[in-house]
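Peer 1: Dumping the structure here so I can ask a few things about it.
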Amino acid sequence: MSTYQEVYAQWQSDPEGFWMNAAKAIDWDKTPSKALFDLGNNLYEWFSDGMVNTCYNAVDRHVEAGKGDQVAIIYDSPITGAKDKITFAELQDKVARLAGGLAAKGVTKGDRVIIYMPMVPEAIVAMLATVRIGAVHSVVFGGFASNELATRINDAQPKAIIAGSCGLEPNRTVPYKPLLDGAIELSTHKPDFTVILQRDALAAEMKDGYDFDWNDICAADPVDCVPVEGNHPAYVLYTSGTTGQPKGVIRHTGGHLVALNWTMKNVYNVDPGDVFWAASDVGWVVGHSYICYAPLIHGNTTIVFEGKPVGTPDAGTFWRVISEHNVKSFFTAPTAFRAVKREDPKGEYVKKYDLSCLKTVYLAGERADPDTIVWTQDQLGVPVIDHWWQTELGYPAVANPVGIELLETKLGSPAVPMPGYDMKILDEGGNELPPGQLGAIVAKLPLPPGTLPTLWNAEERFRKSYLNTYPGYYETGDAGYMDEDGYLYIMARTDDVINVAGHRLSTGGMEEVLASHPDVAECAVIGVTDELKGQLPLGFLCLNAGCNRDPKEVVAECVKLVRDKIGPVAAFKSAVVVDRLPKTRSGKILRATMVSIADNKEFKMPATIDDPAILDEIREALETLGYAKV
Ligand code: COA
Ligand code: AMP
């Protein structure tokens, strides 16, 4: 048995050997000659000269190894009451048929396919079918509106879009098809065709010759896996940056397979055959890595859960699913437990279920507040592991490697860097800071396999966003510190990204939408602290001179505008009209100061502030919304 220190040291002393060894767990059509490919100028790739297929490794190889009867996917929808179990053999058939249908309609290696689907097993089938034929998927979260979908259509230029007719939220049915039609209408790029999964709750209207029924496409003959180069993109996943234009994170095939497979035992401590559950959505990176790919690649059973932590039907849903399906490791966002705790603080629902199968709980996506961790630990009696990563990285970068060794947990820290990650804390000048001092969190290049090699169609943006500030390092966009034992503490973002219920959102993107309102002259959006969702967006609007409208009306229109343009997931529900925004003398809006006022935190008066009196006006405005209260 190795210790974490030993495993980390193995990687440090021989990264090439470490990853080539990890690569042995993957079935290659052609074994790569080496792990790291240095392209120069700080660009790196992994396993580029190997040939491999993701779907083969996630599905077919398990069938060939005699595990065809093992359950691959458990579908559990407390919203519809539906439950289903799909074995690896059944999954292979479904995936190979959809792949055959897509191929018959001309989708081929390298073509992009957008997937806009609710949490149903067909979403996973669509992802796997796409990579089976070497096409590149881009899954768009169902809570995004037409405009966001259109932005992604224009950037990814998909040949086809696979969508569900609707999504099911606890309080409403979300008609996806009209949103999809709207997006195609808005986009300059027009996909060749769509594939629509008609759901019982709401059938979509179909355009003859353009919209094809899922079942008809799947009536095609099954096709085999197409081996692709190790550096062939498996998918592009868009994530929020500082502007309304999302960043297309590329995931290369070889490194993705190797790294994800490594994490299943070493971080999540599951063995093939165990049931693993990530309660997230396929539209996020957690869903890509830990609902779809990693569990299947590693031969685990994964759960597709169409529900919420509360209200579907109650705060005991998580415990029911864990107990009923024998979940060993469970992963969700802290906000989900905050929601459960709020409804069931004493854990009455926990007591109703036999949870002896559950060995470890993992939290990521946002800061895990100590209260939530302690409550969860007390209720469940198992280790609750905070771990840190990002869409860009694809899997945990800082974690407690339970499958190697359960390290001491420290509240407020996602623990230590995983092999592949040399994390540093730097000051503004790029100097390494000593333990305890707050600075920018960076990772020394090269990043390990499975992380982003660049951004889709945007290498300059990749460099600007991640590489240029600290030469030789990847800039995470997070700030924090490291303690004497090498434990990392994540404290804040250094950019305009906020985290709402574990969802990563751009305040800059929301500002672009607000600025498009005809009465808004200037605006700012900040993320204020929220007990349930971690953060919530809050808008400040300065109206055009001469606009005499009732501010309440403008606010209501702005709230609707953000919902219509970005989607309900933005959770943009509050804004206030102010005369002016606080700025520096050079005109930069002092958003961080506004956040401190809203959260009632002490702050230093910015030396460069143009007119300090504006801060009093901001405080008054915030008080009308219930913020900034002592
Ligand atoms: N399709 C359409 N709409 C969606 C959607 C989807 N897939 N997912 C969410 N929405 C809508 C919700 O219905 C809600 O709409 P509303 O304003 O009409 O109520 C809105 O988007 C905001 O959703 P959300 O932030 O999820 O809030 P919520 O109040 O519905 O639920 C939690 C709160 C905490 C229960 C929920 O956020 C949750 O389960 N979070 C877990 C976090 C998670 O999965 N994170 C992923 C990274 S690990
Ligand atoms: P996403 O790309 O959506 O996964 O969001 C990544 C961002 O979420 C990180 O850059 C952090 O800001 C935040 N985040 C993720 N996990 C954690 C964690 N365990 N603790 C604190 N912040 C986290």
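The values are calculated or read from the model by the stated rules, or taken from the named source; none is laboratory data. All of these numbers come straight from a predicted model, not from anything done at the bench. Ideal geometry is used to build each Cβ from the backbone, glycine not excepted, and the neighbour counts take in all protein chains shown. These area figures cover heavy atoms from the full protein model, side chains too; ligands, DNA and RNA do not enter into them. Shrake-Rupley method; radii C 1.70, N 1.55, O 1.52, S 1.80 Å.
Peer 1: What are the residues in the stretch 333-390 that are within 16 Å of ligand 2 (Cβ to nearest atom) and among the aromatic types (Phe, Trp, Tyr), if any?
Peer 2: Phe337, Tyr362, Trp388, Trp389
Peer 1: Out of (1) aliphatic (A, V, I, L, M); (2) out of contact with any strand residue (DSSP E or B) (no Cβ under 7 Å at 6 or more places or on another chain); (3) open to solvent by less than 20 Å² (accessible area, probe 1.4 Å), the odd one out for Val310 is which?
Peer 2: Checking Val310 against (1) aliphatic (A, V, I, L, M); (2) out of contact with any strand residue (DSSP E or B) (no Cβ under 7 Å at 6 or more places or on another chain); (3) open to solvent by less than 20 Å² (accessible area, probe 1.4 Å), the one that fails is (3).
Peer 1: Right, another one. For the stretch 586-609, check the following and say yes or no: at least one residue is in contact with a Leu (Cβ under 8 Å, 6 or more places away or on another chain), at pLDDT 95 or above, more than 26 Å from Glu148 (Cβ to Cβ) and in a loop (DSSP other than H, G, I, E, B).
Peer 2: no
Peer 1: Which one of these is surrounded by fewer than 22 Cβ atoms within 10 Å (Cβ to Cβ), of a type in the set (D, E, K, R) and over 22 Å from Asn231 (Cβ atoms): Asp29, Asp38, Asp49, Asp69?
Peer 2: Residue meeting the stated conditions: Asp69.
Peer 1: Which residue, of Ala219, Ala234, is touching a residue at least 12 places away in the same chain (Cβ under 8 Å), farther than 21 Å from His137 by Cβ and more than 16 Å from ligand 1 (Cβ to nearest atom)?
Peer 2: Exactly one residue qualifies, and that residue is Ala219.
Peer 1: Pull out all pairs, ordered by first then second residue, where Cβ-Cβ is under 7 Å, the residues are six or more apart or on different chains, the first lies in the stretch 602-630 and is surrounded by 12 or more Cβ atoms within 10 Å (Cβ to Cβ), and the second is at pLDDT below 90.
Peer 2: Partner pairs satisfying both residue conditions: Arg619/Ala628; Leu622/Ala628; Glu623/Lys629.
Peer 1: Next up: Quick check on Ser323: is it among the polar types (S, T, N, Q) and within 16 Å of ligand 2 (Cβ to nearest atom)?
Peer 2: Answer is no for this residue.
Peer 1: Given Thr188, Thr108, which one is surrounded by fewer than 16 Cβ atoms within 10 Å (Cβ to Cβ), in contact with a helix residue (DSSP H, G or I) (Cβ under 8 Å, 6 or more places away or on another chain) and touching a residue at least 24 places away in the same chain (Cβ under 8 Å)?
Peer 2: Thr188
Peer 1: Out of Pro396, Pro435, Pro414, which single residue is within 16 Å of ligand 1 (Cβ to nearest atom) and touching an Asp or Glu at 6+ places or on another chain (Cβ under 7 Å)?
Peer 2: Pro414
Peer 1: If the requirement is being more than 19 Å from the chain's Cα centre (by Cα) and either at pLDDT below 95 or within 13 Å of ligand 1 (Cβ to nearest atom) (or both), which of these qualifies: Glu366, Glu343?
Peer 2: Selected residue: Glu343, the only one of Glu366, Glu343 that is more than 19 Å from the chain's Cα centre (by Cα) and either at pLDDT below 95 or within 13 Å of ligand 1 (Cβ to nearest atom) (or both).
Peer 1: Same structure, new question: Identify, by number, the condition in (1) open to solvent by 20 Å² or more (accessible area, probe 1.4 Å); (2) modelled with pLDDT of 95 or more; (3) away from ligand 1 (no atom under 16 Å from the Cβ) that Met491 doesn't meet.
Peer 2: (2)
Peer 1: Given the conditions (1) of a type outside the set (Val, Ile, Thr); (2) outside any loop (DSSP other than H, G, I, E, B); (3) within 19 Å of Leu237 (Cα to Cα), which single one is not true for Tyr395?
Peer 2: (2)
Peer 1: Do you know which of the residues in the stretch 527-555 that are over 32 Å from the mean Cα position of the chain (by Cα) and open to solvent by less than 50 Å² (accessible area, probe 1.4 Å) is farthest from Lys601 (Cα to Cα)?
Peer 2: Filtering the stretch 527-555 for residues that are over 32 Å from the mean Cα position of the chain (by Cα) and open to solvent by less than 50 Å² (accessible area, probe 1.4 Å), the one farthest from Lys601 (Cα to Cα) comes out as Cys547.
Peer 1: Would you check which residues across the stretch 350-379 are assigned to a helix (DSSP H, G or I), of a type in the set (A, V, I, L, M, F, W, C) and either open to solvent by 30 Å² or more (accessible area, probe 1.4 Å) or closer than 18 Å to Met491 by Cβ (or both) and list them?
Peer 2: Selection gives Ile373, Val374.
Peer 1: Another question about this same structure. Looking at Pro401 and the list (1) buried (at least 19 other Cβ atoms within 10 Å of the Cβ); (2) away from ligand 2 (no atom under 16 Å from the Cβ), which single condition is not satisfied?
Peer 2: (2)
Peer 1: Go through the stretch 232-257 and report how many residues are open to solvent by less than 50 Å² (accessible area, probe 1.4 Å) and part of a loop (DSSP other than H, G, I, E, B).
Peer 2: Residues meeting the conditions: 5.
Peer 1: While we're looking at this one, here's another question. Tell me, yes or no, whether the stretch 283-293 has at least one residue that is within 25 Å of Ala135 (Cα to Cα), away from ligand 2 (no atom under 15 Å from the Cβ) and touching a residue at least 12 places away in the same chain (Cβ under 8 Å).
Peer 2: Step one: of the stretch 283-293, the residues within 25 Å of Ala135 (Cα to Cα) are 283-293.
Okay, now just the ones that are also away from ligand 2 (no atom under 15 Å from the Cβ), so 292-293.
Those left that are additionally touching a residue at least 12 places away in the same chain (Cβ under 8 Å): 292-293.
Among the residues of the stretch 283-293, at least one is within 25 Å of Ala135 (Cα to Cα), away from ligand 2 (no atom under 15 Å from the Cβ) and touching a residue at least 12 places away in the same chain (Cβ under 8 Å), which makes the answer yes.
Peer 1: Which is in contact (Cβ under 8 Å) with a residue 60 or more places away in the chain, farther than 25 Å from Ala219 by Cβ and not hydrophobic (A, V, I, L, M, F, W, C), of Tyr44, Tyr75? Steps first, answer last, please.
Peer 2: Working: Tyr75 fails: farther than 25 Å from Ala219 by Cβ.
After applying the criteria, what remains is Tyr44.
Peer 1: Residues of the stretch 114-125 being within 18 Å of the chain's Cα centre (by Cα) and open to solvent by less than 10 Å² (accessible area, probe 1.4 Å), which ones?
Peer 2: Ile114, Ile115, Tyr116, Met117, Pro118, Val120, Ala123, Ile124
Peer 1: Oh, and also: Exactly one of (1) of a type in the set (D, E, K, R); (2) surrounded by 20 or more Cβ atoms within 10 Å (Cβ to Cβ); (3) more than 25 Å from Leu447 (Cα to Cα) is unmet by Asp386. Its number?
Peer 2: (3)
Peer 1: Now for a different question. Quick one: in the stretch 423-435, of everything that is outside any strand (DSSP E or B) and open to solvent by 40 Å² or more (accessible area, probe 1.4 Å), which residue is farthest from His387 (Cα to Cα)? Before you say what the answer is, go through the steps one by one.
Peer 2: Going residue by residue through the stretch 423-435, those that are outside any strand (DSSP E or B) are 427-431, 433-435.
Still in the running and open to solvent by 40 Å² or more (accessible area, probe 1.4 Å): 427-429, 431, 434-435.
Values: Asp427: 24, Glu428: 26, Gly429: 28, Asn431: 26, Pro434: 22, Pro435: 19 Å.
Going through the qualifying residues, I end up with Gly429.
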